[in-house]
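Encoded as structure tokens, the structure appears first; notes follow it.
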Amino acid sequence: MLLWEKEIPEYFTDKRNIVSFVLFTAIFAVIFINIYAPFGVDRWLDVTDFQLFFYSSAVILIGMLVIAVSRLLMYLLSRKKPIRYGEYALWIIAEILSMALVYALIQRFFLHGQKDFMVILRNTVRITAFIILLPYAIYWLYLSFRDKYTLLEKLNLARNGNSEDVIERKQVGTWSMIPFRDEKGVLRFSVKREDLLYLEAADNYILIHYLDGNRQLKYMIRTTLKRVEQEYPAKNLVRCHRSFIINIDHVRTIRKEKDGLIINFESPVNITVPISKTYLDVFIRKLSNTINPGE
């Protein structure tokens, strides 16, 4: 799967992160413009340092309104469908062009700058891209670092106890995460046990299907189902097919079709997984043990 086809991390569309992202970008842009005056913005705007401060503050505020509206639309869209890296890149380009157009109109009609609108627009696109992409990149790196640090902290907590017990326990209010490593043993992904739906084999990879609120998402890792079975022999993770391992906790119904038994999941979307004859006995036995643990 190519990078632009992959889904962006969830922290990009988290509400709190969006608010702090807009504020950070605004503060960074005002400070940067007034200290460095990129591309001689103070000269081609023909303003003093004092005027530049108030002009930049007002204009950046208008620009942040554009970003705020844009990020609100992105948040609403992300609740309905996952956003991929390619779509996210196009979204950022649209934000830069929108802000540059607003800035160009302000300078053309309210300031005594260039009279040629295309010259103004070309300058504002360059300056907007330069000023906006810097805080964007800094904040993305921060979110990525924070996300990985939080994940490692949670996994360290899990390792302090019995690892199998951490994966399997179901007591009320008990937190548990299932970490997934690639074929080299490198940690790639971790998900709450109660959010995991099933694992699907895809050549030399597995697809981890999981829930995020009302959305079903998936994450690809280079490893095998056999390796996962060996690492996490949990009661609620059961092999039902050579291509599938399911989380029994999410099974809603099992029905018989002409091609065999089919599993339906408790999920906002309709999901079905087959049960093969090879794994039928093991599956039924583990399902029975889950329903009647004392027997």
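Quick note: the coordinates plus some simple rules give every number you see, no bench work behind them. Every value quoted in this text rests on a predicted model; they were computed, and no experiment measured them. With ideal geometry, Cβ positions are generated from the backbone for all residues, glycine too; neighbour counts draw on all protein chains shown.
Structure values in brief
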item: Footprinting exposure proxy for Tyr88, Tyr103 (fewest neighbouring C-beta atoms within 10 Å first); result: Tyr88, Tyr103
item: Where trypsin sites (Lys or Arg not before Pro) fall in DSSP loop in segment 201-280, at most 10 other Cβ within 10 Å; result: Lys258
item: Cross-link pairs beyond the 31 Å C-alpha cut-off, checked among Lys258/Lys286; Lys184/Lys218; Lys15/Lys192; Lys80/Lys277; result: Lys80/Lys277
item: Spin-label model distance (nm) - Trp91 vs Glu229, 7 Å beyond Cα toward Cβ; result: 4.0
item: Cβ-based exposure ranking for Thr128, Thr224, in which fewest neighbours within 10 Å come first; result: Thr224, Thr128
item: Per-pair calculated FRET efficiency, R0 = 41 Å: Lys192 and Ser98 via Cβ, rounded to 0.05; result: 0.65
item: Distance in nm between pseudo-label sites at Arg79 and Trp140 (7 Å out along the Cβ direction from Cα); result: 2.6
item: Span per principal axis, largest first, for the Cα atoms of segment 164-291 (Å); result: 41, 37, 28
item: Extension reserve of the Glu266-Ala129 stretch, reckoned as 0.36 nm per residue once the Cα distance is removed; result: 44.8 nm
item: Gain upon complete extension [Lys6, Thr253; 0.36 nm per residue less C-alpha separation]; result: 85.8 nm
